[in-house]
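The values are calculated or read from the model by the stated rules, or taken from the named source; none is laboratory data. Keep in mind that what you see is a predicted model, and the values were worked out from it rather than measured. Positions of Cβ are generated from backbone atoms using ideal geometry, with glycine treated the same way; all protein chains shown enter the neighbour counts.
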Amino acid sequence: MSIPFFYEALPMRVSFGAGYRSKLADEVNKLGLKRVLVLATGFQTDLAQEISDSLGDLSVGVYAKAEMHVPIETARDAQRFATEAGADGCIAVGGGSTTGLGKAIALEYGTPIIALPTTYAGSEMTPVWGLTADGVKKTGKDPRVLPTSVIYDPELTLSLPVGMSVTSGFNAIAHAVEALYAPDGSPIISLMAEEGIRALITALPNIVDDPQNIEHRSDALYGAWLCGATLGATTMSLHHKLCHTLGGAFNLPHAETHTVVLPYALAYNAPAVPAAVEALRRATGAADPAAYLRELSLELGAPASLRELGLTEENVETAVDLATRNPYANPREITGDSIRRLLTAALNGDPVTF
Ligand code: NAD
C-alpha cells in the first residue's frame, strides 16, 4: 500500500440478525440504561409501541412524531418530552428521520442512542446530526450523536415498500460511491464500500421480485450497514452536496433525489477518480458504472428525472448558486457551468454522459 491514509474507527456495537430486536432489552441492560424513550415516526407508532412493550419497565414510553429533516420544533418538543419522562437513553426505531430525532436529543443531553434501522439510509452509522429551522437545514458532526449500539434486524425492513427499498438502497450506494473517492478515504473504507455496493446491487433486484424474502432483505441491510459505515467515516463530495441543496431548498424527497442524481454526479467525477472507477467496475461488473447505476435504477422502477420529483428549470439556477457558494472537497473542479449541465441533465433524465 503506497498511498498514505488516516483511519479512525468509530466506537459502537453492531448486532445483525433476523429477529434480533428480541435482544434489545439485553442491550439496554448492557448499557446500564433504566428508562429509555422509544422514538418513531407517526407511521411507525405500532412498531414503536411493540418495541416499548417488549422492554417492560425499561421503557418510559413512545414519542412517535419524528419527521423528515428534524424540524427544530419537533426536536425541542421531543427534548422536553424526554426530560419530563426522565429518559436516560433513546431507542430509535425507523429510518434516518427517526435516528435524526434521537441525535437531536443526544446533542442536547448526551443521552445514548440504540438504533433499530428500518431503511437503508445509514444515519445510524454516523456522528452527523441535522436540524431544520426556517427552511434551512443545518448539519454538524458530534461524537455524542453517534448511536452507541445498532441492532440490524432485517425483519424490520420487510414492510419497507418496494419503491422505497430501491431508492433507499440507492441512497446507501451513493454513500459508498463518494467514500471511494473521499479526501479522507482509506483502504478499509474502500473495501467496505465495494462490498456494500456489491451486496445492494445484488439484493435490490431480488427484493423487487420477492419483497418478503428475508434472505434478500438481509443482503440489502448488510450492504446498507457497510455503506452507512463508509458515510460515517469519510467526507462526502459533489453528489451529497447537490442532494442536500435540492432537499433543503426545494423540499425534494431524500432517497429519490439521491437515486436520480447519483449516476450524473458519478459520471462527472469519474474521469478524476480512476481507482474508484476500478472498484466500482469490480462491484458492478460493468465497464461504465455510472451508466450501469442509471439503467439499474430505471429497471427497478425508480424515478427517472428530477422533474418527476418536482424540480423546475427555474430552480436549477438557484441550485447552481447554492451548490457553488461554499467550497468543498471534490476530486474534479466544480464550476457553475458544470453544475448547471449536470443538474439540467438530471432534471430532464438525459443520458448519463459528461
Ligand atoms: P425516513 O426515515 O424519513 O422514512 C420515510 C418514511 O418511511 C417514514 O414515514 C417512515 O416511517 C417510513 N418507514 C421507514 N421504514 C419503514 C419500514 N420498514 N416499513 C414501512 N415504512 C417505513 O426516510 P430515510 O430515507 O430513512 O431518512 C431520510 C432522512 O434521514 C433525511 O432527513 C436525511 O437527511 C436523513 N439522513 C441523515 C443521515 C446522517 O448521517 N445524519 C444519513 C442518512 C439520512
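One line per residue, one yes/no per condition, for (1) within 13 Å of the ligand (Cβ to nearest atom); (2) not charged (D, E, K, R):
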site: R217; (1), (2): yes, no
site: A229; (1), (2): yes, yes
site: H240; (1), (2): yes, yes
site: P253; (1), (2): yes, yes
site: N269; (1), (2): no, yes
site: P274; (1), (2): no, yes
site: L296; (1), (2): no, yes
site: E314; (1), (2): no, no
site: V320; (1), (2): no, yes
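Of the residues making up the stretch 34-41, at least one is within 14 Å of the ligand (Cβ to nearest atom) and surrounded by fewer than 24 Cβ atoms within 10 Å (Cβ to Cβ). Within the stretch 57-93, being within 16 Å of the ligand (Cβ to nearest atom) and either basic (K, R) or in contact (Cβ under 8 Å) with a residue 60 or more places away in the chain (or both) holds for K65, M68, H69, V70, P71, I72, I91, V93. Only one entry in L322, L296 is at pLDDT 95 or above and surrounded by 16 or more Cβ atoms within 10 Å (Cβ to Cβ), namely L296.
L300 falls short on exactly one of the conditions (1) away from the ligand (no atom under 12 Å from the Cβ); (2) more than 20 Å from the chain's Cα centre (by Cα), and that condition is (2).
Might you let me know whether the stretch 29-39 holds any residue that is touching a strand residue (DSSP E or B) at 6+ places or on another chain (Cβ under 7 Å), part of a helix (DSSP H, G or I) and either at pLDDT below 95 or at negative phi (or both)?
Scanning the stretch 29-39, I find no residue that is touching a strand residue (DSSP E or B) at 6+ places or on another chain (Cβ under 7 Å), part of a helix (DSSP H, G or I) and either at pLDDT below 95 or at negative phi (or both), so the answer is no.
If we scan the stretch 228-237, do we find a residue that is touching a helix residue (DSSP H, G or I) at 6+ places or on another chain (Cβ under 7 Å), farther than 27 Å from I151 by Cβ and touching a residue at least 60 places away in the same chain (Cβ under 8 Å)? Yes, there is a match, as at least one residue in the stretch 228-237 is touching a helix residue (DSSP H, G or I) at 6+ places or on another chain (Cβ under 7 Å), farther than 27 Å from I151 by Cβ and touching a residue at least 60 places away in the same chain (Cβ under 8 Å). Only one entry in D26, D57, D88, D77 is of a type outside the set (S, T, N, Q), at pLDDT 95 or above and in contact with a Pro (Cβ under 9 Å, 6 or more places away or on another chain), namely D88.
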